[in-house]
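Working notes, structure below.
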Amino acid sequence: MTGKRRLWGRRVAGLLSMALCVCLSLAFLNEFCVDKGHYRDLKRIMYEDPENSYPLIFAGGSHISGAINPNHFKKIYGVSSFNSSTGGQEFYETYYLLKEILKRQDPEVVVLDAYYAMNQSPYGDPSFTHRVLDPMRMGPNKLEAIRVSVEENVGSYLFPFLLYHSRWENFPQLISEWADYVGPYKGALGFTGGPNQYGKELQYDNWDDTHCTPLAEKQEEYLQKFFALAREEGFKLILINFPCELESDELTEWAGDAVGKMNQIKKEAAAAGVPMLDLNRPEMIAAMDFDFPTMMSNASHVNYYGAYNVTEYVGKYLQQVTPELFENAEPAAS
């Protein structure tokens, strides 16, 4: 009897060891194969940097990723921050990404890009969704994010190497990306501003339009979730909107009535006691000394050069509405 128990014990131990090896192999394959575009930055803010090292977090989609430069913010204001945004990051994806970040970071202030609350579609582009969800470790936040963000091909989000297996054909590139990934960090704390210049003046001029249009059901749900999360976690939530053409063909197709939806967001933020900084106003553009043709990369995105002006102005605004954020700031660089 004792011999049989020992035999079964060895078999169970062997099966457990095999399962562990399979899990470790899958984990490595996922890590090795995925697109490293935003991967390292998100892994860093979620799992690698010291706990509670960022009192200020910027969150959202491409509008904020190219408009806020954390290194410049630290140089001017002495406050450490991280820009956790990625291109095409849907509002609900931002919510679960932020929840994952909050497991290790305890920010005083979260500045949230309001732009993606205008989307009228219940799902985003799968390639952009992968950039947000692939760096997240398996757990409740990732599983819930997959549930609300993914319409099909769920398996590729649970096991990303299933999507990226074709990249093995270019093995030297994979090796090069991996060497950069495991080497010294060379990123910009999430900032991804580009050098292109739009070259056109801002065309929209109907600034007195105050009509409101309801948000899509899913976006409305997560706007309220953000308000609740701020109360539960005890951080100051600030919504922000950046310079863009509110009636461009691309935005109208994506959001529908963008003007009415932005007014609706402002109305709901005011009702929730959440400050909203709308930089897409002529008086704001003037206050930032922001030149639309040379400081925009296209009709919707601030470029690398404009990000300096925007970052500095946002810092001045935060000094007014959240002075406590700057109480322990390091001396500004000369």
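Every number in this text was worked out from the coordinates using simple rules, so none of it is lab data. These numbers come from a predicted model, not from an experiment. Ideal geometry is used to build each Cβ from the backbone, glycine not excepted, and the neighbour counts take in all protein chains shown.
Output the antiparallel fraction of DSSP beta bridges having both residues in the chain, as a percent to the nearest 5. It would help to have the intermediate numbers written out before the result.
Working: 1 of 16 bridges.
Rounded to the nearest five, the antiparallel share is 5 percent.
How tilted is helix 304-321 with respect to the longest principal axis of the chain? Cα atoms for both, answer in degrees (0 to 90, nearest 10).
80
If a paramagnetic tag sat 7 Å from the Cα of N196 along the Cα-Cβ line, which residues of the stretch 90-128 would have the backbone N under 19 Å from that point?
125, 127-128
Along the Cα-to-Cβ line of S53, 7 Å from the Cα, sits a label point; which residues in the stretch 99-138 have backbone N less than 13 Å from it?
Output list for this probe position: 104-106.
Using Cα atoms only, what is the angle between the long axis of helix 217-233 and the major principal axis of the chain, expressed in degrees (0 to 90) to the nearest 10?
Tilt of helix 217-233: around 80 degrees.
Once R0 is set to 41 Å, what does the formula 1/(1 + (r/R0)^6) return for the Cβ-Cβ distance between E327 and E217, expressed as a FRET efficiency to the nearest 0.05?
The pair E327/E217 has a calculated efficiency of 0.50.
By counting other Cβ atoms within 10 Å of each Cβ, how are M296, M276 ranked from fewest to most? Each step should come with its number before you reach the end.
Numbers: M296 27, M276 18.
Ascending Cβ contact count within 10 Å gives the list M276, M296.
Could you sort 310-316, 53-59 so that the peptide with the highest average Cβ count within 10 Å comes first and the rest follow in order? Could you put the intermediate results ahead of the total?
Numbers: 310-316: 20.6, 53-59: 23.9.
The packing order, highest mean first, is 53-59, 310-316.
Net charge near E327, counting Lys/Arg +1 and Asp/Glu -1 over other residues with Cβ under 14 Å of its Cβ?
-2
Going by average Cβ neighbours within 10 Å, how do the peptides 200-208, 251-259 rank, with the highest at the top? Please report the intermediate quantities before stating the final value.
Values: 200-208: 10.9, 251-259: 17.8.
Descending packing order for the listed peptides: 251-259, 200-208.
So how do 239-249, 110-120 stack up, highest first, on mean other-Cβ count within 10 Å?
110-120, 239-249
Quick one: angle between helix 140-149 and the longest Cα principal axis of the chain, in degrees between 0 and 90, rounded to 10, please.
So the inclination is approximately 60 degrees.
Can you tell which of N141, N170, N153 shows the greatest fluctuation in a Gaussian network model of the chain with Cα springs below 10 Å?
N170
Kindly state, to the nearest 0.05, the FRET efficiency for R281 paired with E152, given R0 = 51 Å and r defined as their beta-carbon distance. If you can, show how the numbers build up before the last one.
Values: r = 40 Å, r/R0 = 0.78.
The pair R281/E152 has a calculated efficiency of 0.80.
Nothing charged except the Cβ atoms of Lys and Arg (+1) and of Asp and Glu (-1): what's the magnitude of the dipole of the chain about its Cα centre? Round to the nearest 20 debye.
Charge dipole of the chain: 2260 debye, to the nearest 20.
Choose one of S84, Y308, P275: the residue whose Cα lies farthest towards the positive end of the charge dipole of the chain (beta-carbon charges +1 Lys, Arg; -1 Asp, Glu; about the Cα centre).
S84
Read through the labelled values [x] 85, 46, 43; [y] 60, 47, 32; [z] 67, 47, 41 and report the label of the one computed as Cα extents along the principal axes in Å from the structure.
Here Cα extents along the principal axes in Å agrees with entry [x].
Of K75/K225; K200/K236; K43/K74, which pairs sit farther than 31 Å apart, going by alpha carbon to alpha carbon?
Over 31 Å Cα-Cα: K75/K225; K200/K236.
Counting other beta carbons within 10 Å of each residue's own, what order do I68, I146, I175, I238 fall into, fewest first?
The most exposed by this proxy come first: I175, I146, I238, I68.
Which value in nm describes the separation of the simple spin-label points at T294 and W207, placed 7 Å from the Cα toward the beta carbon?
Each label point is offset 7 Å from its Cα along the Cβ direction, giving 2.2 nm.
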